[in-house]
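Worksheet: one structure, shown below.
The values are calculated or read from the model by the stated rules, or taken from the named source; none is laboratory data. Treat the numbers as computed from the prediction; the structure is a model and nothing was measured. For neighbour counting, all protein chains shown are included, and Cβ atoms are generated from backbone atoms with ideal geometry for every residue, glycine included.
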Amino acid sequence: MPAPSLAVSRETDIAVVGAGAAGLYAALCAAREHASVVLVSATPLAQTASYWAQGGLAAALAPDDSAELHLRDTELAGRGLVRRSAAEILVADAPDCVRDLQALGVRFDADSSGGLALGLEGGHSVRRVVHAGGSATGRRVVRQLSALVAAEPRIAVLEGARARALWRSHERCAGLICDDGQIIAAGAVVLGTGGAAAMWARTTNPPGSQGVGLLLAHQVGADLADLELLQFHPTAVIGIAGREGFLVTEAIRGEGATLHDSAGERFVDELAPRDEVSRAIQARLLQSGEQSVGLDMRAVDPAHFPNVVSALRDAGLDPTRELIPVAPAAHYTMGGIVADLHSQSTLPGLYAVGESSCTGLHGANRLASNSLSECFVFARRAVAHALAEPAPARQAPSITELQQLSELPAPPIGNAATRDALWRDAGIVRSADGLQRLLDNPHPLVRAIARCALTRTESRGAHQRSDHPQRDPSLDGRHVVVHNGPHAGAEELLTSAEQIDWQAWT
């Protein structure tokens, strides 16, 4: 990293880190309120993890649907760990966010009468998932929001820039430093940096999903929670060079695709919540010794999912003629930076939105397509809260503060050994022996995941312990929270500065 100038490079009302769906929408919401915004994006716009999202937005829009029904499905999928207050906000606000995205120019798929075409996905009792371009929802949404951000004069976009560390001053987050030495002073910082599923060897995520935002926040004293709760998507393509981990959207099963074992038998309800389907596939693979099961989508109209069909054909697979080899892969981090109902972390002035946050909404198993809805609902709430707060006193940072900021270590990135270790010891089924091995891993987030997983001595949703195979009712509604002191340094995580507590959220 170039040596910082030890002077503030930019001042802004809101600094947003991450240009996925949540970050882009947060930036636009702030600009609509006439706030100045600096958007820090490690990749060029429209190349983030959200771009590849095949799922849609879950919202109660159909005549036979309601917020109450959406809430019931969310809580059922979340296995007794959903924070009801967060879920109530999501189901109430999601329809309006869909309408707002339409007003911003996002074109969602329409049915024959011109209304929104609603898809059915696992865990949903009715059709309520809005898509764009079939399974190209993330691409369509991020592309449109990126264009709006690029054209908005109130938003300064720093492409190819990475946040190296956050700046804590007077017991609040006051800004950040980038890896090129730029220091950004901000009234509030919004982290939309995504999850950590790319830290596992088999994953549906792009390489950048390394939990960087979690470490940035924890380094300055923000709490983390539910790190043991990593969702595995049941249908990721495996064994195909260049397409390993390619996600075949759940919506395809909603339109009639089925799963078959090596004997050709169906063995699971394809539209059960993801934790059930993933465990059923894993059990069948262990029983048969095979590496994959077959996804039969021959009865599904390929015109409804053009990008999936095209990608499979490019890999030499014809989904209209043959079964597709699939197996579970690490997909979505339910845990993250502890956030309240306004997306504010435990450090004032620091907000977390999207997959980097943990509001408790998803519980122990995320309901399909609630995540994109969460991005928009809680990004809007984060910005509204940040801008409604009294403006913090803008004081020039001292040389000492700037020197400390420049010396904070950048979050580490996992390597192949880290990914293999997590897949082996914190995969679909875990045990105390494997998790204990992870406590010696050099990566601080791996150690944090292991400690959380060891603390939850039960099986619940995405967290399955072979040595504790039953759910413990006494842990309903209780979350594993990791505390740390400010400026502890990444390598001090889970050493003397670390504490883990059980907390109940309402």
field: Search result, residues across the stretch 126-166 that are aliphatic (A, V, I, L, M) and part of a loop (DSSP other than H, G, I, E, B)
entry: V126, A132, A136, A161
- line: In the set S146, S169, the lone residue that is polar (S, T, N, Q) and farther than 22 Å from A21 by Cβ is S169
- line: Per the list (1) over 25 Å from S209 (Cβ atoms); (2) among the small types (G, A, S); (3) modelled with pLDDT of 95 or more, residue check on G23 breaks on (1)
Single residue of V248, V268 found to be free of Cβ contacts under 8 Å to residues at least 60 places away in the same chain and within 24 Å of N365 (Cβ to Cβ): V268
message: Here is a check on your reading of the model: is G134 in contact with a His (Cβ under 8 Å, 6 or more places away or on another chain), over 25 Å from G360 (Cα atoms) and either outside the structural domain of V383 (by TED's automatic domain parsing) or surrounded by 20 or more Cβ atoms within 10 Å (Cβ to Cβ) (or both)?
response: yes
query: Here are T400, T346: which of them is without any contact (Cβ under 8 Å) to a residue 12 or more places away in the chain and more than 30 Å from D261 (Cα to Cα)?
result: T400
query: Can you tell me how many residues in the stretch 455-506 are within 23 Å of the chain's Cα centre (by Cα), of a type in the set (S, T, Y) and modelled with pLDDT of 95 or more?
result: 2
task: Of the conditions (1) farther than 22 Å from G414 by Cα; (2) modelled with pLDDT of 95 or more, I252 clears all except one; give me its number.
output: (2)
Helices (runs of 4 or more DSSP H) fully within the stretch 409-489 counting 3 or more residues that are touching a residue at least 12 places away in the same chain (Cβ under 8 Å) and closer than 16 Å to Q231 by Cα: 416-425, 444-455
query: How about the stretch 211-221: which of its residues are part of a loop (DSSP other than H, G, I, E, B) and over 11 Å from the mean Cα position of the chain (by Cα)?
result: V220, G221
- line: Over the stretch 304-318, the set of residues closer than 15 Å to S135 by Cβ and surrounded by 13 or more Cβ atoms within 10 Å (Cβ to Cβ) is H304, F305, P306, N307, V308, V309, A311, L312, R313
message: I need the full set of residues from the stretch 349-383 which are under 10 Å from the mean Cα position of the chain (by Cα) and either outside the structural domain of L71 (by TED's automatic domain parsing) or not in a loop (DSSP other than H, G, I, E, B) (or both), in order please.
response: G354, E355, S356, S357, C358, S371, L372, E374, C375
query: Listed residues V91, V38; which is assigned by TED's automatic domain parsing to the domain that holds I177, in contact with a Ser or Thr (Cβ under 9 Å, 6 or more places away or on another chain) and either assigned to a helix (DSSP H, G or I) or free of Cβ contacts under 8 Å to residues at least 12 places away in the same chain (or both)?
result: V91
query: Quick one: which of G208, G194, G175, G114 is in a loop (DSSP other than H, G, I, E, B) and surrounded by 19 or more Cβ atoms within 10 Å (Cβ to Cβ)?
result: G194
Single unsatisfied condition, H362 versus (1) closer than 20 Å to T203 by Cβ; (2) of a type outside the set (G, A, S); (3) surrounded by fewer than 24 Cβ atoms within 10 Å (Cβ to Cβ): (3)
